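> Could you have a look at this structure, given as structure tokens, before my questions?
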Amino acid sequence: MDSGPSSRGALSHTLTATSVSQPPLPPQTRYWNRAEDRQRVVNALFDRSAGQYDRACGIMSLGLGQTYRRAALERGGLRQGMDVLDVGTGTGLVAREVIHLLGSSGRVTGIDPSLGMMAAGRHRSRVGVVQGVGECLPFSDCCFDFITMGYALRHVPDLDQTFGEYLRVLKPGGKALLLEITKPTSAIATLVARLYFGIAVPCAAWMGTGSADAAKLMRFYWDTIAQCVPPESVLASLRRAGFVATGRTVLHGIFSEYTAMRAQSLHPKR
């Protein structure tokens, strides 16, 4: 694996001119007025709440988050001996479960744009971390067996570009597992989700951590879930990037596990 500048040679995947750029979130939200401000605003939100992030997530998941992450990784095909990239690693909540499943075998690298989040989680895991973003990965072609992304899909600026990068750095036959909370399809379920994630969780996070920043981040969490593109757009973007065996498993009507694989052929899709 090369953590230096990305080599974009014959194996690099290039999206065709007919590809449709797909931003997960609208260019304007209550948090930013211009698309170019998105990354700065998101980084600031996470940096300010980094110290309380794990606790707030534990409150939101009722203490079951890590158990779910581990089970999802097993369902997604993570196996011992793999070289794993965790995109949007944050404090390492997903990466810690990857390490648990890999045991003494394999290797885990985390990448995240927030230095605050990575610093907050560094003492709790043995993950090597790199500052960066999923749409421009600083790694060579074909260097990972498995890519994970936990609840950060809606924060990338362009799905097509990001998935093209995932395909590029995966080895032939390599797999991607993207975990996300998806807005329910029914009006009643959406109302329940909005009340829980949009009101109950921010209030509980504020009371449980004493941090207004953590409460704001949890509110932002729901707002981005509610505004994110639908699952069919995510799957279509994975296929446009060149992934095969794309699929989505849904648990409890809201937890989406997107899976995809790079074909065994060494030749990129034209």
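All of the numbers you see were taken from the coordinates with simple rules; none came from a lab. Source: prediction; values computed, not measured. Counting neighbours? That spans all protein chains shown, and the Cβs are built from the backbone with ideal geometry, glycine included.
> Between 218, 173, 89, whose Cα lies farthest towards the positive end of the dipole of the range 37-261 when Lys and Arg beta carbons carry +1 and Asp and Glu beta carbons carry -1, centred on the Cα centre?
Highest projection toward the positive end goes to 218.
> In whole angstrom, how far apart do the alpha carbon centroids of the range 142-157 and the range 204-221 sit?
One Cα centre to the other: 25 Å.
> Taking a ≥ b ≥ c as the square roots of the Cα gyration tensor eigenvalues, with a/c under 1.5 meaning rounded and otherwise prolate when a/b beats b/c, else oblate, which class fits the range 119-234?
Oblate is the answer for the range 119-234, as a/c is 1.5 or above yet b/c matches or exceeds a/b.
> Further, regarding this structure: The range 234-251 to the range 51-68: how many Å between their Cα centroids?
27 Å
> Helix 231-241 versus the longest principal axis of the chain: what angle, 0 to 90°, nearest 10, using Cα atoms?
20 degrees
> Which aspartates and glutamates have a Cα less than 19 Å from the Cα of residue 183, not counting those fewer than 8 places away in the same chain?
223, 232, 257
> If a paramagnetic tag sat 7 Å from the Cα of residue 188 along the Cα-Cβ line, which residues of the range 222-263 would have the backbone N under 20 Å from that point?
In the range 222-263, the label zone of residue 188 (backbone N under 20 Å from the point 7 Å along Cα→Cβ) covers 251-255.
> Could you give each residue of the range 167-184 its phi-based ³J(HN,Hα) in whole Hz, using Karplus coefficients 6.51, -1.76, 1.60 with θ = phi - 60°, and x for Gly or Pro?
Working through the residues one at a time gives 4, 4, 8, 7, 6, x, x, x, 10, 10, 10, 10, 9, 8, 9, 10, 4, x Hz.
> With +1 assigned to the C-beta of every Lys and Arg and -1 to the C-beta of every Asp and Glu, and no other charges, what is the dipole magnitude of the range 37-261 about the Cα centre in debye, to the nearest 20?
360 debye
> Let me ask something additional. Please list the non-local residues whose amide H lies under 5 Å from the amide H of residue 86, H modeled 1.01 Å from N, same-chain partners needing a gap of 5 or more.
Here the answer is 109, 110, 111, 148, since their amide H atoms fall under 5 Å of that of residue 86.
> A further question follows. What list of ³J(HN,Hα) values in whole Hz, one per residue of the range 83-99 in order, does the Karplus curve 6.51 cos²θ - 1.76 cosθ + 1.60 (θ = phi - 60°) give from phi, with Gly and Pro shown as x?
Computed from phi, the couplings for the range 83-99 are 8, 10, 10, 9, 8, x, 5, x, 7, x, 4, 6, 4, 5, 6, 4, 4 Hz.
> Which whole-Hz couplings ³J(HN,Hα) result when phi for each residue of the range 100-113 is put into the Karplus expression 6.51 cos²θ - 1.76 cosθ + 1.60, θ = phi - 60°, listed in order with x for Gly and Pro?
For the range 100-113, the Karplus curve yields 4, 6, 6, x, 8, 9, x, 7, 10, 10, x, 10, 7, x Hz.
> I would also like to ask the following. Show that you can apply the helix-only estimate: for the chain, add -39,500 (n - 2.57) for every DSSP H stretch of four or more residues, divide by all residues, and state [θ] at 222 nm to the nearest 500.
-11500 deg cm²/dmol, from helical runs alone.
> Compare 141, 223, 86 in a GNM of the chain, Cα atoms joined below 10 Å, and give the one with the largest fluctuation.
Comparing 141, 223, 86 in a Gaussian network model of the chain, the most mobile one is 223.
> Next up: Classify the range 45-122 from the C-alpha gyration tensor, please: rounded if a/c falls under 1.5, else prolate or oblate depending on whether a/b exceeds b/c.
oblate
> Which order results if 192, 169 are arranged by neighbouring Cβ count within 10 Å, fewest first?
Ordered from fewest to most neighbouring Cβ atoms within 10 Å, 192, 169 come out as 192, 169.
> Also, quick follow-up: Fully extended, how many nm does the chain gain between residue 200 and residue 235 (0.36 nm per residue separation, minus their Cα-Cα distance)?
9.5 nm
> To continue, here is another question. Sort 257-265, 92-100 for me by packing, meaning the mean count of neighbouring Cβ atoms within 10 Å per residue, highest on top.
Averaged packing, sorted descending, gives the order 92-100, 257-265.
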